[in-house]
Amino acid sequence: MTLKQVQQQDGPPSEMEEIKNESNYLRGNLVESFEDRISAGIPDAETKLLKFHGSYQQDDRDVRIERNKQKLEPAYQFMIRVRAPGGVATPEQWLTMDDIANKYGNGTLKLTTRQTFQMHGILKWNMKKTMQEINNALYDTIAACGDVNRNVMASANPYQSDVHAEVYEWSKKLSEHLLPRTRAYHEIWLDEEKVVDSLESEEEVEPIYGAQYLPRKFKIGIAVPPSNDVDIYSQDLGFIAIIEDGDLKGFNITAGGGMGMTHGDTNTYPQLSRVIGFCTPDKIVDVAEKILTIQRDYGNRSERKNARFKYTIDRRGLDWLKSELHERLGWELEEERPYTFDHNGDRYGWLKGDGKWHLTLFIQNGRIADWDDYPLMTGLREIAKVHTGDFRMTPNQNLIISNVTNDMKPKIIELVNEYGLTDGKYNSALRRNSMACVALPTCGLAMAESERYLPSLIDKIEVILDEAGLREEEIVIRMSGCPNGCSRPALGEIGFIGKAPGKYNMYLGAGFTGDRLNKLYKENIGEEEILASLKPILFQYAKEREENERFGDFVIRAGYVEEVRSGLDFHN
Ligand code: SRM
Ligand code: SF4
């Protein structure tokens, strides 16, 4: 099957398809646009191509109205997202990201829900320097955003260190193999000389993607049971490590998860992926490539809201997917193997594995900054200066100071104490299991606050928890500023999705292990109603729960919401 032959359409191609097609493999007019000094922004079509290079044009929404009144253009600035498969950073890389954030960005770093760094507030004039400094630190930002395979996630909590090391290597291999091959990134940001490629065919330039890349973003994660920290069922494509007698035997493969939806449009919904079979480790790159090409060929290129792989599968069915995959592979997946998850949050504190120590710190909503009473950014910088192991960003926006030797442990403990860094033990278990997306002021799609609001909402829920005796009860709570679901809120036992300033839809009943979606409980409510709604449920839970019964399970048993095992039932 050639690339051209297979571009099946559900309607006329969207504008984005034209932009990709005419971009000469992601070049467009990015060079000219960034050289232009008249505006601090770049043209619309270029903002769309820029995503493939790992950056978004944004504007500071806190000052948008005021600037508009003054007839000034929006306060344009850029967010840059790094590609860091498995979320690993060396101390040198940490120091470079910290330096860039302070030199060119807004003085903070965001650890994302896909285990990487984002830097916000970078001005147009500093973009190229920033990209070059990131690359000098042996990171890049290729395909961190855009209609391509995104940062490959890998379970971060090292329960089984050997397996984690192997899984991390696979996440790098998958990420590298599925990178776009165009040299556009290197030419635009790293001044690589342009090779005359007009004689090259589409298959030669982009053998996997073709000139139009994918219909939509594509996400891969690898989970190592019993931890489902990567929320495997939310990934377009997932690999669940199957460990027998301590060895990695292979992976169960999952397909078709995703979180995004649009308020009021029931044709869009969060969906859980499903297991389609098993393969040995040496086969996963082949499986990933073939699955990605199936989505390339059959994904909806007309309606971007229905273009994710989950919709392709729901339209055509799992049997279709399996037979298409088997045909492309030339061999069949084996039967899935048994596995069990017991949580999707992080396990905090010190853990020993493979003779080294790993300290998981609680980083509220992934924001690394210096606050008056909490010099988190400085503390981590001082640790990076002496640390001989590495850092791991977790899928829950936390951070592991990893691979600490016995000799170094006292020094790390000293610095952790000096700067007051925390593994969350003084926080409620609810807060330790909380996640919020960025939202305002940088996210252009935010309808309500998220990262800046959830901590204070939790302060108030904690009062209820204390009264009910539930402070140490682990309950997963997630908030997103809009229904795109960047904090995977549909997998929160308590989930909030922004509707308008100060207003949220409240969802209840997801599975503690990330295996069940939640369901709408109250629509468009503000803080007062949120607290008034939660209080009786939490009290009833404290009184009536069965032994080891999770909050998400309880709200279903008690009849507050119905169980949702498929996204097709999410709105019903
Ligand atoms: Fe996301 C768009 C932030 C993880 C689903 N996401 C955005 C943008 C770029 C807004 C935009 O398009 O203009 C946000 C930038 C905000 C800012 O100011 O930084 C944004 N997404 C984030 C991050 C930083 C949230 C965080 O606080 O950690 C996460 C970065 C991950 C990374 O490192 O790559 C992030 N986004 C996710 C996830 C979670 C995941 O992947 O595990 C999801 C849900 C899973 C999924 O994709 O189904 C997610 N983001 C979206 C969507 C909805 C996609 C859809 O299928 O409808 C959008 C909007 C879009 O693509 O049109 C979006
Ligand atoms: Fe922005 Fe919405 Fe994603 Fe939050 S969920 S970061 S508001 S796109």
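Looking only at the range 306-343, residues that are assigned to a loop (DSSP other than H, G, I, E, B), within 21 Å of the chain's Cα centre (by Cα) and not charged (D, E, K, R) come to 2 in all.
Yes/no matrix, rows are residues, columns are (1) in contact (Cβ under 8 Å) with a residue 40 or more places away in the chain; (2) surrounded by fewer than 16 Cβ atoms within 10 Å (Cβ to Cβ); (3) within 26 Å of R516 (Cα to Cα); (4) among the hydrophobic types (A, V, I, L, M, F, W, C):
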position	(1), (2), (3), (4)
I291	yes, no, yes, yes
Q295	yes, no, yes, no
R308	yes, no, yes, no
D314	yes, no, yes, no
S323	no, yes, no, no
E327	no, yes, no, no
E335	yes, yes, yes, no
D342	yes, yes, yes, no
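Restricting to the range 77-110, name every residue that is in a helix (DSSP H, G or I) and among the aromatic types (F, W, Y). Matches in the range 77-110: W94 only.
For the range 344-360, filtered to residues that are under 22 Å from the mean Cα position of the chain (by Cα) and assigned to a loop (DSSP other than H, G, I, E, B), the residue that is surrounded by the most Cβ atoms within 10 Å (Cβ to Cβ) is N344. Mind checking which pairs have a first residue in the range 438-461 that is in a loop (DSSP other than H, G, I, E, B) and a second that is near ligand 1 (Cβ under 8 Å from one of its atoms) and open to solvent by 40 Å² or more (accessible area, probe 1.4 Å), Cβ under 7 Å, 6 or more apart or different chains? Short answer, once both residue conditions are applied: L445/N484.
If you filter the range 165-184 down to residues that are open to solvent by 10 Å² or more (accessible area, probe 1.4 Å) and within 19 Å of Q93 (Cβ to Cβ), you find that the one that is farthest from the chain's Cα centre (by Cα) is A165. If you check T266 against the conditions, is it exposed (fewer than 14 other Cβ atoms within 10 Å of the Cβ), modelled with pLDDT of 95 or more and among the polar types (S, T, N, Q)? The answer is yes for T266.
Taking L470, is it away from ligand 2 (no atom under 16 Å from the Cβ), under 20 Å from R550 (Cβ atoms) and buried (at least 22 other Cβ atoms within 10 Å of the Cβ)? Taking the combined requirement at face value, the residue satisfies it. Which residues, taken from the range 522-555, are open to solvent by 40 Å² or more (accessible area, probe 1.4 Å) and hydrophobic (A, V, I, L, M, F, W, C)? Across the range 522-555, the qualifying residues are A532, F539. Screening V63 against (1) at pLDDT below 95; (2) away from ligand 1 (no atom under 16 Å from the Cβ); (3) in a helix (DSSP H, G or I) leaves a single unmet condition, (2).
Is there a residue being within 21 Å of M259 (Cα to Cα) and in a helix (DSSP H, G or I) anywhere in the range 415-436? Checking the range 415-436: not a single residue is within 21 Å of M259 (Cα to Cα) and in a helix (DSSP H, G or I).
Does M119 satisfy being assigned to a helix (DSSP H, G or I) and open to solvent by less than 10 Å² (accessible area, probe 1.4 Å)? Taking the combined requirement at face value, the residue does not satisfy it. Of the residues making up the range 382-405, those that are without any contact (Cβ under 8 Å) to a residue 60 or more places away in the chain and closer than 30 Å to P489 by Cβ number 1.
Take E46 and decide whether it is over 30 Å from N403 (Cβ atoms), in a helix (DSSP H, G or I) and open to solvent by less than 20 Å² (accessible area, probe 1.4 Å). Steps first, answer last, please.
On the way: over 30 Å from N403 (Cβ atoms): yes; in a helix (DSSP H, G or I): yes; open to solvent by less than 20 Å² (accessible area, probe 1.4 Å): yes.
It is true that E46 is over 30 Å from N403 (Cβ atoms), in a helix (DSSP H, G or I) and open to solvent by less than 20 Å² (accessible area, probe 1.4 Å).
So, L138, is that one open to solvent by 20 Å² or more (accessible area, probe 1.4 Å) and free of Cβ contacts under 8 Å to residues at least 60 places away in the same chain or not? Yes; evaluated as a whole, the condition is true for this residue. Annotation for the range 416-425: no member residue is in contact with a strand residue (DSSP E or B) (Cβ under 8 Å, 6 or more places away or on another chain), open to solvent by less than 10 Å² (accessible area, probe 1.4 Å) and either within 14 Å of ligand 1 (Cβ to nearest atom) or farther than 24 Å from N344 by Cα (or both). Filtered by the rule that a residue be more than 6 Å from ligand 2 (Cβ to nearest atom) and more than 11 Å from G485 (Cα to Cα), the range 436-449 gives L440, P441, T442, G444, M447, A448, E449. Contact map, the range 110-132: first residue at positive phi, second residue in a loop (DSSP other than H, G, I, E, B), Cβ cut-off under 6 Å, separation 6 or more or different chains; pairs are Q115/P395; G121/G105; G121/N106. As a summary of the residue check, N151 satisfies the conditions (1) outside any helix (DSSP H, G or I); (2) over 27 Å from I243 (Cβ atoms) except for the one numbered (2).
The values are calculated or read from the model by the stated rules, or taken from the named source; none is laboratory data. Because the structure is a prediction, the values reported are computed rather than measured. Backbone-built Cβ (ideal geometry, glycine too); neighbour counts: all protein chains shown. Heavy atoms of the whole protein, side chains included, go into the accessibility calculation; ligands, DNA and RNA do not. Shrake-Rupley method; radii C 1.70, N 1.55, O 1.52, S 1.80 Å.
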